[in-house]
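Okay, here's the structure, questions in a sec.
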Amino acid sequence: MPFRKNIWNHLSGEEREEVYKFAEIYRDFLSRAKTERETVNYIESRALERGFVDGFSESGDRMLFIERGRLAALYVKGKESALSGFRIVASHTDAPRLDLKPVPLYEDSGYALLDTQYYGGVKHYQWFSLPLSIHGVVVLSDGSRKTFVIGEDESEPVFVIPDLEPHLDRKVQREKKIGEALPGEKMDIIFSSIPLDGEKEKAVKKYALRLLEEKYGIKEEDLVSADIEVVPAIKPRDVGLDGALIGGYAQDDRICVFTSLMAALELENPDRAVLVLFVDKEEIGSEGNTSAQSAFIKKVVRRILEVEGTLAPYSVEEALYNSEALSADVTSALNPLWKEVHDEKNAAKLHHGIALTKYTGRGGKYVASEASAEFVGKVRKLFDENGIYWQPDVLGRVDEGGGGTIAMFLARYGMDVLDAGPALLSMHSPFEISSKADLYMTFRAYKIFMEKK
Ligand code: MN
Ligand code: MN
């Protein structure tokens, strides 16, 4: 049985080649999709290539739904009506990062700095003295929209939050608790440092504003109507002598976005209707009109039933109630240096396949979504019968911490939901680590779940 085994021990030479090839496409995706909008753009272009049509304006057996450029869904018609329930695989497009405040630009001590606010579960110290890039969408006063990226291309400058040298950090950092030593309000980035000629007051800020206007046509007040995200300017790389691991930013949860997207693109005539969801705002509790709690899911299902000819009072609710879902999100891999936070016998390990997390939450299973014995049994059987390597998982020792996914929001519709995804080392860091074997196995797992009843 493909249960809790190191996948590398069971791959043929040919399969290894396939695993490595798949990982290269993934690394390329990671380097292009550094924000939720870029992720949705990638989903859109791959789906259109594959013959998906825009489901809000056209009808088809393969439909693509995009809303506000930040969340997406793919539908593939099944042998059965969608009314008898979808097979759903749902991941999230957002990742921890720094956002610019509405009035970010200020001058201090000869520098133009940008004031940020962190988004999601950021460990502050990991973002200091790290090369950063800026990805922005700005709506100008005339209503036109500008997008720009600075710092991803080798020819462009990067940005940085300057940390303090060890020679001077004793009182303000080292003797403090880690959370207090590097406060969020200090996470401001150096934007520029040359003063504008002939100016005495705020000359550096003035020169920065001039550059912004000359290069991008952006004025200071335009930054209010903007989504500007600051992310690590690090390229995804192979990790380890054997190249078995991938290091890169935002693999939580883009590894699930990628694997579920690839699976959906390959689907042919699945048993049940398939819905692949890519939602936003998971990292801040799934609030807002692009989140898993937004009206998007019902809107998409209503449209699918309309195309199918089964739309009737309460049919949207019925279709969702009859559905079965994998909440496609990452979990924490056993960290060899910090084993004490894991319950080793229940912890997921890299290279050991897709992790099935029966329940999330914290403490006494608070705010948990727990899958039933029956549904875990069903998924396990499907994986066992199709040679999918999988492993059980809980997120850390009891009372050590915890976390949640979008599973609980899907469960509210009445459907069965199980958390299933690859484990990562250093989750939420600027350089998260995944396993190439798990990446490939997760793709195969999602594909089987979408395909077979
Ligand atoms: Mn996640
Ligand atoms: Mn996360």
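The values are calculated or read from the model by the stated rules, or taken from the named source; none is laboratory data. Owing to the predicted nature of the structure, the values given are computational and were not obtained by experimental measurement. Neighbour counts are summed over all protein chains in view; Cβ atoms, including those assigned to glycine, are modelled from backbone coordinates with ideal geometry. Protein only, heavy atoms only, side chains kept; ligands, DNA and RNA dropped before computing areas. Shrake-Rupley method; radii C 1.70, N 1.55, O 1.52, S 1.80 Å.
What is the stretch 262-302's relative contact order, in percent, from Cα pairs under 8 angstrom and six or more apart in sequence?
21
Enumerate by residue number the trypsin sites (Lys or Arg not before Pro) in the stretch 41-93 meeting two conditions: DSSP loop (anything except H, G, I, E, B), and at most 16 other Cβ atoms within 10 Å of the site's Cβ.
Within the stretch 41-93, the qualifying trypsin sites (Lys or Arg not before Pro) (loop, at most 16 other Cβ atoms within 10 Å) are 50, 68, 79.
Share of the chain's accessible area from carbon and sulfur, percent, 1.4 Å?
Carbon and sulfur atoms account for 50 percent of the accessible area of the chain.
If you average the C-alpha positions of the stretch 67-143 and of the stretch 427-450 separately, how far apart do those two centres end up, in angstrom?
For the stretch 67-143 versus the stretch 427-450, the Cα centre distance is 21 Å.
Separate question: Please go through the stretch 134-226 and write out the GluC sites (Glu not before Pro) that DSSP classes as loop and that have at most 13 other C-beta atoms within 10 Å.
In loop regions of the stretch 134-226 (DSSP not H, G, I, E or B), the sparsely surrounded GluC sites (Glu not before Pro) are 154, 175, 199, 201.
Pairs of alpha-carbon atoms within less than 8 angstrom and 6+ residues apart define the contacts here; what relative contact order does the chain have, in percent?
Rounded, it is 24 percent for the chain.
Can you tell me, using C-alpha contacts under 8 Å and at least 6 residues apart, the relative contact order of the stretch 99-232 as a whole percent?
Computed over the stretch 99-232, the figure is 39 percent.
Let me ask something additional. Of the trypsin sites (Lys or Arg not before Pro) in the stretch 207-242, which ones lie in a loop per DSSP and count no more than 14 other C-beta atoms within 10 Å?
219
Given the -39500 (n - 2.57) contribution per DSSP H run of 4+ residues, what per-residue ellipticity at 222 nm results for the chain, rounded to the nearest 500 deg cm²/dmol?
About -8500 deg cm²/dmol.
While we're looking at this one, here's another question. For the stretch 90-163, what is the accessible area per residue in Å² when the probe is 1.4 Å?
Averaged over the residues of the stretch 90-163, the accessible area is 44 Å².
May I ask you to order 437-445, 240-248 by the average number of other C-beta atoms within 10 Å around their residues, highest value first?
437-445, 240-248
Considering only protein heavy atoms, what is the solvent-accessible area of residue 83 at a probe of 1.4 Å, reported in Å² to the nearest 10?
Counting only protein heavy atoms, residue 83 exposes about 50 Å² to solvent.
Looking at the chain, send over the antiparallel percent of its DSSP beta bridges, to the nearest 5.
70
Still on this structure, please answer the following. How far is the Cα center of the stretch 373-408 from the Cα center of the stretch 266-334, in Å?
20
Could you order 192, 426 so the one with the most accessible surface comes first? Probe is 1.4 Å.
Largest accessible area first, the residues go 426, 192.
Moving on to the next point. Using only protein heavy atoms and a 1.4 Å probe, report how much of residue 351 is accessible, in Å² to the nearest 10.
30
Dipole of the stretch 198-285 (Lys/Arg Cβ +1, Asp/Glu Cβ -1, origin at the Cα centre): which of 239, 278, 267 lies farthest to the positive side?
So the residue we want is 239.
To the nearest 0.05, what FRET efficiency results for residue 385 and residue 199 with a Förster distance of 60 Å applied to their C-beta separation?
That gives a FRET efficiency of 0.25.
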